[in-house]
Amino acid sequence: MESIVEMKLSSKNIVSPKGFKAAGIHCGLKHKKKDLALLYSEVPASVAGVFTTNKVQAAPIKVTKEVVYETKKMQAVIVNSGNANACTGKQGLLDAYEMQKLAAEKLGIDPELVGVSSTGVIGEMLKMDYIREGVKKIEIGNTLENGIDFAQAILTTDTVMKNTTYSTTIDGKEVVISGTAKGSGMIEPNMATMLGFITTDANIESDVLQKALSEITDLTFNCITVDGDTSTNDMVLVLANGLAGNNPLTPEHPDWNNFYKTLQMVAEDLAKAIARDGEGATKLIEVEVDGAVSDEEARKIAKTVVGSPLVKTAVFGCDANWGRIIAAVGYSGATVDPDKIMIKIGDKKMVENGEPVPFNEEELIKILKANEIKIYVSLSQGEGHGFAWGCDLSYDYVQINASYRS
């Protein structure tokens with residue numbers, strides 16, 4: 001059946017699917033900005049999650065993995081920014097479990113239905129007195145403003161909120177999928193320094209949702225990079241509470257493609273928003289690779305190109321230095337025939353069959369001055385196709401990260 005993916009919904013956010021509420025407040029972990037957030041479903045929701053592959057994992061990751069993989073249902077998530085609760089030993093784990101318990105008591109639900117997420121500075125103990133008082137004060141709701149408060153409270157060095165919402169049709173019923181994310185630096189996924197929360201009122205079992213999220217993550221969140229660092233705290237959670245009233249979704253459902261593609265669009269929007277908001281970034285870079293031996297190798301090459309510091313600085317400086325692009329293709333570790341490589345920046349071809357093509361420098365500079373830069377690489381090795389997204393590397397990136405703790 002042809003996919004029925006609606007246009008993106010404006011003036012909607014994380015609370016837009018049926019049965020979701022949220023809140024975000026300032027509790028004192030950060031100087032002034034909001035730093036404590038709560039997301040809630042009126043009924044226990046099916047849940048799926050993907051987490052950082054860093055061997056050093058923050059305490060909240062352990063707690064939330066238990067909910068995702070053992071309980072397999074989630075009704076709420078408590079999030080703090082300003083402190084990662086990472087590398088904090090036994091006390092950090094106790095603090096994460098206490099956050100879980102505090103949220104459960106506040107909402108009158110089982111602690112095993114509560115996920116915990118933290119982001120911020122590594123290696124500092126959480127100021128639990130602030131968390132305790134914050135949980136007492138926080139009040140959830142389902143207004144647009146409540147969703148905005150949640151989105152603001154999860155941010156760290158981000159310069160903007162990252163929200164997106166789509167609707168689709170399943171069994172003749174409207175199903176809404178919304179996402180909110182944070183992420184700005186240390187964005188080397190599998191995962192990235194990012195938190196992502198996706199809500200939907202679709203009816204789908206956790207195991208089916210988990211498989212879909214894992215596949216979609218490889219095509220979206222795992223295709224972004226800012227600086228090559230991998231965080232200790234990253235997670236993406238999807239909560240599906242079933243209140244849209246559709247029949248349970250599986251790959252055999254006639255409207256499965258509607259759901260899958262819409263979830264993928266939400267994830268891709270959030271991934272691009274994170275790449276665009278890289279610390280100090282001035283431009284979004286999209287790399288498309290065609291003709292690789294496999295889709296996986298195409299994504300590998302694309303990510304290598306967009307992650308190259310030399311490519312990133314060339315884009316920042318509006319320097320049409322295609323040599324840096326072809327060098328990154330060559331060291332990506334993928335199967336490459338140098339004599340078959342074609343490269344474009346924007347719509348301007350610069351390399352054909354591994355050799356330079358004359359181009360107008362002024363036209364390329366004009367392309368590189370845009371806010372979004374497209375690099376296209378064709379390999380003529382097979383049918384593999386893939387994308388990756390990243391940002392340029394500016395003077396401000398160094399300044400931001402040189403004073404992150406101060």
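The values are calculated or read from the model by the stated rules, or taken from the named source; none is laboratory data. Fair warning: this is a prediction, and the values are worked out from it, not measured in the lab. Glycine gets a Cβ as well: all are built from the backbone with ideal geometry, and neighbour counts include every protein chain shown. The accessibility values were calculated without ligands, DNA or RNA, using every heavy atom of the protein model including side chains. Shrake-Rupley method; radii C 1.70, N 1.55, O 1.52, S 1.80 Å.
Total residues in region 380-406 satisfying the condition of being at pLDDT below 80 and open to solvent by 70 Å² or more (accessible area, probe 1.4 Å): the figure is 8. Before we move on, is K127 among the basic types (K, R), modelled with pLDDT of 95 or more and farther than 27 Å from V43 by Cβ? The answer is yes for K127. Going through (1) free of Cβ contacts under 8 Å to residues at least 60 places away in the same chain; (2) in a strand (DSSP E or B); (3) farther than 30 Å from N257 by Cα one by one, A76 falls short only on (3).
Pairs linking a residue in region 298-315 that is part of a helix (DSSP H, G or I) to a residue that is of a type in the set (K, R), with Cβ atoms under 8 Å and 6 or more positions apart or on different chains, are V306/K312; L310/R324; V311/R324; A314/R324; V315/K283.
The set of residues from region 288-303 being touching a Cys at 6+ places or on another chain (Cβ under 9 Å) and open to solvent by less than 40 Å² (accessible area, probe 1.4 Å) comprises A302, K303. Scan region 231-246 and give yes if some residue there is at pLDDT 90 or above and part of a helix (DSSP H, G or I), otherwise no. The answer is no; no qualifying residue exists. Could you check, for region 280-295, whether at least one of its residues is in a helix (DSSP H, G or I) and farther than 14 Å from E215 by Cβ? Taking every residue of region 280-295 in turn, none turns out to be in a helix (DSSP H, G or I) and farther than 14 Å from E215 by Cβ.
Which members of region 61-74 meet the condition of being open to solvent by less than 10 Å² (accessible area, probe 1.4 Å) and either touching a Leu at 6+ places or on another chain (Cβ under 7 Å) or of a type in the set (A, V, I, L, M) (or both)? Please lay out each step first, then the result.
Of region 61-74, the ones open to solvent by less than 10 Å² (accessible area, probe 1.4 Å) are 61, 63-64, 67-68, 74.
The answer is I61, V63, V67, V68, M74.
Restricting attention to region 254-279, the residues being open to solvent by less than 10 Å² (accessible area, probe 1.4 Å), more than 23 Å from T159 (Cβ to Cβ) and either hydroxyl-bearing (S, T, Y) or not in a helix (DSSP H, G or I) (or both) number 1. For region 114-130, the criterion of a residue being surrounded by fewer than 17 Cβ atoms within 10 Å (Cβ to Cβ) and among the polar types (S, T, N, Q) is satisfied by no position. Against the conditions (1) within 29 Å of T217 (Cα to Cα); (2) modelled with pLDDT under 95; (3) crowded, with 17+ Cβ neighbours inside 10 Å; (4) in contact with a helix residue (DSSP H, G or I) (Cβ under 6 Å, 6 or more places away or on another chain), K312 satisfies every one except (4).
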